[in-house]
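Read the structure below first, then the notes.
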Amino acid sequence: MIRYSEWRGWGERVTLAVTEYDALHDAERIVRDVVADSEAVSNPQRGDAEIHAVNLAQGIPVQVSPRLSVLLRSALWAARMTDGVVDPLSADDDGLEDTGFDATAVPPIHPVPTYLDVQLDGETVLTPWGVSLDISETAKADTVDRAAAAVARDLECGAMVRMGETMAAAGNCPAGGWQIDLPGGGTVELPAGAAMSTRSTDHFPASLWTEATVIAADAVWADAACATALRRGIGAMRWLEQYGLAARLIDGNGHIHTTAAWSDPRAA
């Protein structure tokens, strides 16, 4: 029997499902702790978040906690895999405004810093002057992966954890598998040890696609691939096929396009 629990956490609807009836209470405690730990170090909306120490360093190496180090590594990995579509650098210019520098006043003498200039060595991070990091999206996806794995490991049961539209499954599957409702109708099976994410054009209004859903080996990759598909437009299907991802895209006319792996998501 599958038991469910749902609450609000880190600005998202968090859903937990477990395959063992008596495991739900302990599983919820584990998931809440994992979410709280990740938010405490990486949520820039919190004044006490550890990520602010990195953003205020401005070119000075900073020693960070093991948890923030892992989240930064995930964010930089996603940036490399998507050629910067998923960018850990903040979209605003707060880093420059805080220093009193007007980036539009004069042409840049040096190249504008990118994610490639962020250095992470163990638990020491160095960001260039003028750079501010915001890793919220990849941090939430990483948290989903970690929470599902922790429940399955510690309680020896099947678990599915979802934050917003990103989810991950770990441990044994329930009878019939994890059946996930798709936006607009239909269901898909999420295999144990896999993750799924859905993004819409709220993130990329000019996209050819109105929605992208990707199943991948982990939630960070699934979410990053969704973002990349929406940004790549007509080249999205080829890019997704290149990585063998199970994906479902919906265009502006409501037509559904799927990759070869989508017909059998368990192959993702």
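Report whether or not THR228 is among the hydroxyl-bearing types (Ser, Thr, Tyr) and either in a helix (DSSP H, G or I) or crowded, with 23+ Cβ neighbours inside 10 Å (or both).
Details: among the hydroxyl-bearing types (Ser, Thr, Tyr): yes; either in a helix (DSSP H, G or I) or crowded, with 23+ Cβ neighbours inside 10 Å (or both): yes.
So THR228 fits the description; yes.
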* Asked: Of all residues in the stretch 29-62 being among the hydrophobic types (A, V, I, L, M, F, W, C) and not in a helix (DSSP H, G or I), which is surrounded by the fewest Cβ atoms within 10 Å (Cβ to Cβ)?
  -> ILE60
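Please find, within the stretch 238-258, the residue that is surrounded by the most Cβ atoms within 10 Å (Cβ to Cβ) out of those that are in a helix (DSSP H, G or I) and out of contact with any strand residue (DSSP E or B) (no Cβ under 6 Å at 6 or more places or on another chain).
Within the stretch 238-258, the subset in a helix (DSSP H, G or I) is 238-242.
Then drop every residue that is not out of contact with any strand residue (DSSP E or B) (no Cβ under 6 Å at 6 or more places or on another chain), which leaves 238-239, 241-242.
Details: ARG238: 10, TRP239: 18, GLU241: 13, GLN242: 10.
Among those that are in a helix (DSSP H, G or I) and out of contact with any strand residue (DSSP E or B) (no Cβ under 6 Å at 6 or more places or on another chain), it is TRP239.
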* Residue check, ILE234 against (1) closer than 19 Å to ARG162 by Cα; (2) exposed (fewer than 13 other Cβ atoms within 10 Å of the Cβ); (3) touching a residue at least 12 places away in the same chain (Cβ under 8 Å), all met but one. Which one? -> (1)
* To do: Specify which of the listed residues (ALA23, ALA79) is more than 26 Å from LEU155 (Cα to Cα), touching a residue at least 12 places away in the same chain (Cβ under 8 Å) and touching a helix residue (DSSP H, G or I) at 6+ places or on another chain (Cβ under 6 Å).
  => ALA79
* Structure fact -> Of LEU245, LEU208, LEU240, LEU190, the only residue that is within 19 Å of the chain's Cα centre (by Cα) and touching a residue at least 40 places away in the same chain (Cβ under 8 Å) is LEU190
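Out of the stretch 1-10, which residues are exposed (fewer than 15 other Cβ atoms within 10 Å of the Cβ) and either in contact with a strand residue (DSSP E or B) (Cβ under 9 Å, 6 or more places away or on another chain) or closer than 14 Å to ARG162 by Cβ (or both)? Walk me through how you get there before you give the answer.
At the first step, the residues of the stretch 1-10 found to be exposed (fewer than 15 other Cβ atoms within 10 Å of the Cβ) are 1, 4, 6-8.
Once the filter is applied, which keeps residues that are exposed (fewer than 15 other Cβ atoms within 10 Å of the Cβ) and either in contact with a strand residue (DSSP E or B) (Cβ under 9 Å, 6 or more places away or on another chain) or closer than 14 Å to ARG162 by Cβ (or both), the stretch 1-10 yields TYR4, GLU6, TRP7, ARG8.
Here, each number is a calculation from the coordinates, and none is a lab measurement. In this text, all values refer to a predicted model and were calculated from it rather than measured experimentally. Neighbour counts run over all protein chains shown; Cβ positions are idealised from the backbone, glycine included.
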